[in-house]
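Right, one structure below, let's go through it.
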Amino acid sequence: TISVDGRYHQDVILFGGARTFTYPLMLGRLRPGTHSLRIEYNVKQSAAKASIVEIKDAKIITVDKSQAEYQALALAPFIYARPNTIGRFSDAPILPWYEVEPGPSGTIIRYSIIFTNEDGGTQTNALMARWGRTTDVEMIYEAQVDARGKLVASVFQGKNHKSFQFHGRKEADHPLFIVATDNNMFSDNGQSEMRFALRPIPFDLSRASREELMYQHPWTYELMAEELQRENKIRDSSRVGQQIADPRRYLYVQSGAKQEDAAMSFAVKLKGDRKWYTSDIGINYYKVDRSGYFQTTVRLPPGTTIDKIERLAVRCDIAGDPRSWEEISKVANAQCELTDVKRIFMLDDQYRPGPSLPLHVHPLKLQFGDMIELYDGRK
């Protein structure tokens, strides 16, 4: 627990466990002069078997208006914990970031965060197929500033993934939110006994998926697997639902695509195996039906390593399930364009991304029903 000048400021979940880990935090806006910082072990909220925390180093860094990141950090949100996660170490916020892009009257700064999982919402199997991970990645808040740096508009992601105007409290310019739903949507009204102020990092998503951030911070996959284990969501079974196979049994595919009334899936054949394994496992909803960069996974048999992959193919299908001739005629021109394949990997024994399959593809278009081979390991 961290206090500034004698007042509670935030809690820090030491999700790095016993390993040495650096936790970048925000302390908010402070006036010039001398201040006191208190860091104490929160016995009440810590695990019963947790040992004494050893702080090996602590650094205070000031950011002023002359620095490029000042505005993004000054407007960054503080987040109160969802009450039913406190003491359970569930759905922990672990990695926030922000994006900066031109806006209609200046600049848009968008803040998002990665949680270790979501207790409600999408089924675990669907998370792996549609998003390629079981972490929960959510946009928090979007601030629009004019050319002089003045805040002119702000919205946040609330219940049912809807956007709402921000009308809540602030500390200096930091908006205050509480995680309000089991699938980690936000409210600008309310608080709990714990809050977090992790420092967001800048990240450009113009040519990458959000999962690229996880790839660049591989410890996020370890935390993903640890939460699955804690919540009993791993089982050696092909049943569909809230449980999945060991995350190390999946092939992770990062791609870019343009979809027009279409949905994309991938298929894998292994050496010495006549069966094809698919990312959608035969369920239309599990196909990827959005454009842009994305990640998906293909579940493979136990003991599979990336060198056992013989062939990889991509398939394009009509999105949804049109049945009447009228419905089908509306999507008669459905097509997918695979624009890029960033990387294809599996997780190693420590649940960290391993080496990528050597694959380079040129953009290719598929009509619905087409299936095209991308990789042939027999050559």
Item to check | lysines whose Cα lies under 28 Å from that of K162, excluding same-chain neighbours fewer than 8 positions away | outcome: K150, K170, K258, K287, K330
Checklist outcome for this item: Along principal axes, largest first, the alpha-carbon spread of region 246-311 in whole Å comes out as 36, 21, 19
Checklist outcome for this item: Stokes-Einstein D for region 41-103 (10 °C, 1.306 mPa s, Kirkwood Rh from Cα pairs), in µm²/s, comes to 101 µm²/s
Checklist outcome for this item: Restricting to Cα pairs under 8 Å and 6 or more apart, the percent relative contact order of region 127-215 works out to 20 percent
Item to check | Between region 88-126 and region 159-196, the alpha-carbon center distance in angstrom | outcome: 13 Å
Checklist outcome for this item: Per the charge dipole of region 148-224 (beta-carbon charges, Lys/Arg positive, Asp/Glu negative, Cα centre), the residue among G149, N184, S163 reaching farthest to the positive end is G149
Item to check | Value in Å of the Kirkwood radius, where region 1-84 supplies the Cα pairs that are averaged | outcome: 15.1 Å
Checklist outcome for this item: The set of residues whose placed amide H lies less than 5 Å from the amide H of Q335, leaving out same-chain residues fewer than 5 positions away, is E260, A262
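Could you give the length gained on full extension between D321 and R169, defined as 0.36 nm per residue of separation minus the Cα-Cα distance, in nm?
Working: separation 152, 0.36 × 152 = 54.72 nm, distance 4.45 nm.
Full extension of this stretch gives 50.3 nm more.
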Checklist outcome for this item: Using alpha-carbon coordinates alone, the radius of gyration and Dmax of region 84-161 in Å work out to 15.5, 47
Item to check | Fraction of accessible area attributable to carbon and sulfur, region 72-203 (%, probe 1.4 Å) | outcome: 49 percent
Item to check | Difference of contour (0.36 nm per residue) and Cα-Cα distance, S105 to D64 | outcome: 12.4 nm
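Specify whether the C-alpha gyration tensor of region 195-278 places it in the rounded, prolate or oblate class, a ≥ b ≥ c being the square roots of the eigenvalues: rounded for a/c under 1.5, otherwise prolate if a/b is larger than b/c and oblate if not.
Working: a/c = 2.13, a/b = 1.20, b/c = 1.77.
Taking the square roots of the gyration eigenvalues as a ≥ b ≥ c, region 195-278 is oblate.
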Checklist entry - Along the positive direction of the dipole of the chain (beta-carbon charges: Lys, Arg +1; Asp, Glu -1; about the Cα centre), which of Y80, G6, N42 reaches farthest? => result N42
Item to check | Relative frequency of Cα-Cα separations exceeding 29 Å in the chain, percent | outcome: 48 percent
Checklist outcome for this item: At 25 °C in a medium of viscosity 0.890 mPa s, region 53-187 has a Stokes-Einstein diffusion coefficient, with Rh taken as the Kirkwood radius over alpha carbon pairs, in µm² per second, of 150 µm²/s
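If each DSSP helix of 4+ residues adds -39,500 (n - 2.57) and the sum is divided by the residues in the chain, what number results at 222 nm, nearest 500 deg cm²/dmol?
-2500 deg cm²/dmol
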Item to check | Where region 1-110 is the region considered: accessible area per residue in Å², 1.4 Å probe | outcome: 64 Å²
Checklist entry - How are the C-alpha pair distances of region 250-354 spread across 5 Å bins, as whole percents from the shortest bin up? => result 2, 12, 21, 21, 17, 12, 8, 4, 2, 1, 0
Item to check | Percent RCO, i.e. relative contact order, over the chain, from Cα pairs under 8 Å lying at least 6 residues apart | outcome: 15 percent
Item to check | Given charges at beta-carbon only (K, R positive; D, E negative), |dipole| of the chain in Debye | outcome: 440 debye
Checklist outcome for this item: Distance in Å, no decimals, from the C-alpha centre of region 1-28 to the one of region 307-379 is 42 Å
Checklist entry - Taking +1 at the Cβ of each Lys and Arg and -1 at the Cβ of each Asp and Glu, which of P202, I244, P175 sits farthest along the dipole of region 153-244 towards its positive end, judged by Cα position relative to the Cα centre? => result P175
Checklist outcome for this item: Measuring from the longest principal axis of the C-alpha atoms of the chain, the long axis of helix 219-230 (C-alpha) lies at a number of degrees, nearest 10, equal to 80 degrees
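Say R0 is 45 Å: what FRET efficiency, to the nearest 0.05, do K271 and V53 get from their beta-carbon distance?
The computed FRET efficiency comes out at 0.40.
The values are calculated or read from the model by the stated rules, or taken from the named source; none is laboratory data. Bear in mind the structure is a predicted one, so any value in this text is a computation, not a measurement. Positions of Cβ are backbone-derived with ideal geometry, glycine not excepted, and every protein chain shown enters the neighbour counts. These accessible areas exclude ligands, DNA and RNA; they are computed on the full protein's heavy atoms, side chains included. Shrake-Rupley method; radii C 1.70, N 1.55, O 1.52, S 1.80 Å.
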